[in-house]
Amino acid sequence: DGGKYLEPSAALVHADSLLADGADILDIGAASSHPDAAPVSPETEIARLAAIVPSLHDTGASLSIDTFSTPVQRWALAQGVDYLNDIHGFPDPALYPDLAASSCKLIVMHAVQERGLATRIDVPPDRIMDRIARFFDARLNALTAAGVAAERLILDPGMGFFLGTNPE
């Protein structure tokens, strides 16, 4: 959204509008992962989310928190969110026991970079599908070996800068 809904009241009005239009799940991110975005600290991300998550819980909608920050993911799990969405597909094994102990679904996204904001990395088009398959094989094996049920995992192959500099 480009920061249009950073003000909690604006975010809540927008959420109400989405729900009125039929949304079943609200995917909320408090920090951009765009390559040109300024980094946001976990503390700032949590403060932004804490200002709206309790009210959104009251709507009855399923909540998804979109973050690649482990501290923010731990905070979201403690809030009882329904989904976690990580652009790096949950690369931090230290988080796996918390993920396994929760019941939330995990949106495991493929990205060419391992951590942080998206970057502009050139991946040859003839190699991207093999890279995606290898990424998911490794990540799904790690998560399920840690006790995360496979039926809780949702795969997202990524788009745009998450795949490389060539949009084709």
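The values are calculated or read from the model by the stated rules, or taken from the named source; none is laboratory data. The structure presented is a predicted model; accordingly, all values stated were derived computationally and were not measured. Note that we place each Cβ from the backbone using ideal geometry, even for glycine, and neighbour counts take in every protein chain shown. Ligands, DNA and RNA are excluded from the accessible area calculation, which covers all protein heavy atoms including side chains. Shrake-Rupley method; radii C 1.70, N 1.55, O 1.52, S 1.80 Å.
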Relative to the compact-globule estimate 2.2 N^0.38 Å (N residues), the Cα gyration radius of segment 1-152 stands at a ratio of 1.08
Heavy-atom accessible area per residue of segment 1-141, all protein chains kept, 1.4 Å probe, expressed in Å², is 51
The answer for the chain, counting only DSSP H helices whose Cα atoms cover 27 angstrom or more along the axis and whose Kyte-Doolittle average is -1.0 or greater, is 125-145
Of Leu12, Leu6, Leu26, ordered by accessible area with the largest first and a 1.4 Å probe, the sequence is Leu6, Leu12, Leu26
Expressed in nanometres to one decimal, the distance between label points 7 Å along Cα→Cβ at Ala149 and Arg134 is 3.3
So Asp98 and His14, fully extended at 0.36 nm per residue minus their Cα-Cα distance, gain in nm 27.2 nm
Carbon and sulfur atoms account, in whole percent of the 1.4 Å probe accessible area of segment 1-159, for 55
Once normalised by the length of segment 1-138, the mean sequence separation of its alpha carbon contacts under 8 Å that are 6 or more apart gives a contact order in percent of 21
